[in-house]
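K.L.:
I'd like to ask some things about the structure below.
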Amino acid sequence: MTMLNSYCGVDRDSRGVVRLTISNAGSLNILNTPVINGLREGLETLAKERDIRVLVVAGQGDKSLIGGADIKEMAKLDQPSAEKFISSLRDLCEAVRAFPAPVIARMPGWCLGGGLEFAAACDFRVAAQDAKFAMPEVRVGIPSVIHAALLPRLIGWGRARWLVMTAATIDAPTALNWGLIDVVASEGQLDAEIEKVVEMLLECGPEALRSQKALLKQWEELPLTESVNLSVSVFGRSFLTDEPTRLMQAFVNRKR
């Protein structure tokens with residue numbers, strides 16, 4: 001593993017798969033200001049690399065992806081510093097949401113608060129069977145904000161309301177049933193399940209996947225008719241690359 005900075009370790013393979021490991025953030029990978037800024041900078045650096053096919057984001061160890069934002073730091077905030085802190089966390093979540101290639105969140109153990117907001121901003125969430133999830137902010141006197149706004153889109157308003165207003169903890173089977181996560185791995189199989197998702201993504205055209213991810217992000221924001229019409233030119237631009245001809249011809253040849 002090579003270090004992009006003090007908080008970002010990177011492993012690469014020959015397929016264009018990169019694993020970014022949140023480092024030096026304690027046993028639960030807690031987000032304080034230096035970790036937030038280091039992780040955002042690492043994501044922004046990697047986003048410039050066109051040869052990345054898939055990004056896997058992991059925490060150091062198997063206790064958590066991200067255990068949440070640093071309560072010790074937040075306890076000392078006032079209004080101006082609170083807005084500065086949460087803006088930096090917003091920018092981190094937006095950096096992973098805007099990452100050009102598909103992003104998989106590796107989710108063992110706990111994923112709480114700001115950590116769950118970060119995971120919601122990833123494209124895919126693969127969790128261990130004993131993983132636990134919660135939005136506990138209201139228990140410490142603050143609302144869930146920023147990318148918690150993605151939760152109603154993922155799991156519906158009722159379930160999002162349950163998470164952010166009761167601070168209840170849910171387990172992996174419940175999270176899967178709700179649509180909060182995509183895959184639950186059996187014991188010892190977390191990385192094997194992530195590899196299955198990686199392999200599916202690698203079978204797709206990399207430029208097509210980047211276009212599809214960008215479209216999905218725009219579809220979240222735009223009315224339906226605009227979303228439909230916007231996608232026409234995106235479809236056309238896909239033929240400026242050789243991917244459609246090459247992959248369709250391979251498909252035709254395979255069917256003969």
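Every read-out reported here was derived from the displayed coordinates using simple, explicitly stated rules and does not represent laboratory data. None of these values were measured; they are calculated from a predicted model. FYI the Cβ positions are ideal-geometry reconstructions off the backbone, even for glycines, and counts take in every protein chain you see.
K.L.:
Quick one: His147 ticks every box in (1) assigned to a helix (DSSP H, G or I); (2) closer than 22 Å to Ser27 by Cβ except a single one, so which number is it?
P.N.:
It fails just one condition, (2).
K.L.:
Here is a follow-up. Would you point out which residue out of Ala134, Ala128, Ala121 is among the hydrophobic types (A, V, I, L, M, F, W, C) and in contact with a Pro (Cβ under 7 Å, 6 or more places away or on another chain)? Write out each step before concluding.
P.N.:
Working: Ala134 fails: in contact with a Pro (Cβ under 7 Å, 6 or more places away or on another chain); Ala121 fails: in contact with a Pro (Cβ under 7 Å, 6 or more places away or on another chain).
Ala128 is the lone residue from the list that is among the hydrophobic types (A, V, I, L, M, F, W, C) and in contact with a Pro (Cβ under 7 Å, 6 or more places away or on another chain).
K.L.:
List pairs: first residue in the stretch 144-157 and closer than 20 Å to Phe85 by Cα and in contact (Cβ under 8 Å) with a residue 24 or more places away in the chain, second residue of a type in the set (S, T, N, Q) and buried (at least 18 other Cβ atoms within 10 Å of the Cβ) anywhere in the structure, Cβ distance under 6 angstrom, at least six positions apart or on different chains.
P.N.:
Sorted first by the residue in the stretch 144-157, then by its partner, the list stays empty.
K.L.:
Just checking: which of the strands (runs of 3 or more DSSP E) contained wholly in the stretch 1-86 hold 3 or more residues that are buried (at least 21 other Cβ atoms within 10 Å of the Cβ) and not β-branched (Val, Ile, Thr)?
P.N.:
By residue number, 54-59.
K.L.:
Could I ask something else about it? Checking Ala127 against (1) assigned to a loop (DSSP other than H, G, I, E, B); (2) of a type in the set (A, V, I, L, M, F, W, C); (3) surrounded by 20 or more Cβ atoms within 10 Å (Cβ to Cβ), which test does it fail?
P.N.:
Just one mismatch for Ala127, condition (1).
K.L.:
Which residues, counting only those in the stretch 97-114, are farther than 20 Å from Pro206 by Cα and in a loop (DSSP other than H, G, I, E, B)?
P.N.:
Residues of the stretch 97-114 that are farther than 20 Å from Pro206 by Cα, as a first pass: 106-114.
Residues satisfying the conditions are Pro108, Gly109, Gly113.
K.L.:
Across the stretch 125-143, what is the number of residues that are touching a residue at least 40 places away in the same chain (Cβ under 8 Å) and among the small types (Gly, Ala, Ser)? Full working, then the answer.
P.N.:
Applying the first criterion (touching a residue at least 40 places away in the same chain (Cβ under 8 Å)) to the stretch 125-143 yields 125-133, 136, 140, 142.
Filter again for among the small types (Gly, Ala, Ser), leaving 127-128, 131.
Of the residues in the stretch 125-143, 3 are touching a residue at least 40 places away in the same chain (Cβ under 8 Å) and among the small types (Gly, Ala, Ser).
K.L.:
Being outside any helix (DSSP H, G or I) and among the polar types (S, T, N, Q) is the filter; apply it to the stretch 184-240 and report the residue that is surrounded by the most Cβ atoms within 10 Å (Cβ to Cβ). Spell out the reasoning first.
P.N.:
Taking the stretch 184-240 first, the residues outside any helix (DSSP H, G or I) are 184-189, 203-205, 222-223, 239-240.
Applying the additional criterion that residues be among the polar types (S, T, N, Q) yields 186, 189.
Working: Ser186: 10, Gln189: 16.
Among those residues, the one meeting the criterion is Gln189.
K.L.:
Which condition from (1) touching a residue at least 40 places away in the same chain (Cβ under 8 Å); (2) out of contact with any Phe, Trp or Tyr (no Cβ under 8 Å at 6 or more places or on another chain); (3) of a type outside the set (Phe, Trp, Tyr); (4) part of a helix (DSSP H, G or I) is the one that Glu117 breaks?
P.N.:
(1)
K.L.:
What about Leu112, is it closer than 23 Å to Gly42 by Cβ, in contact with a Gly (Cβ under 7 Å, 6 or more places away or on another chain) and among the aliphatic types (A, V, I, L, M)?
P.N.:
Values: closer than 23 Å to Gly42 by Cβ: yes; in contact with a Gly (Cβ under 7 Å, 6 or more places away or on another chain): yes; among the aliphatic types (A, V, I, L, M): yes.
Judged against the criteria, Leu112 is a match.
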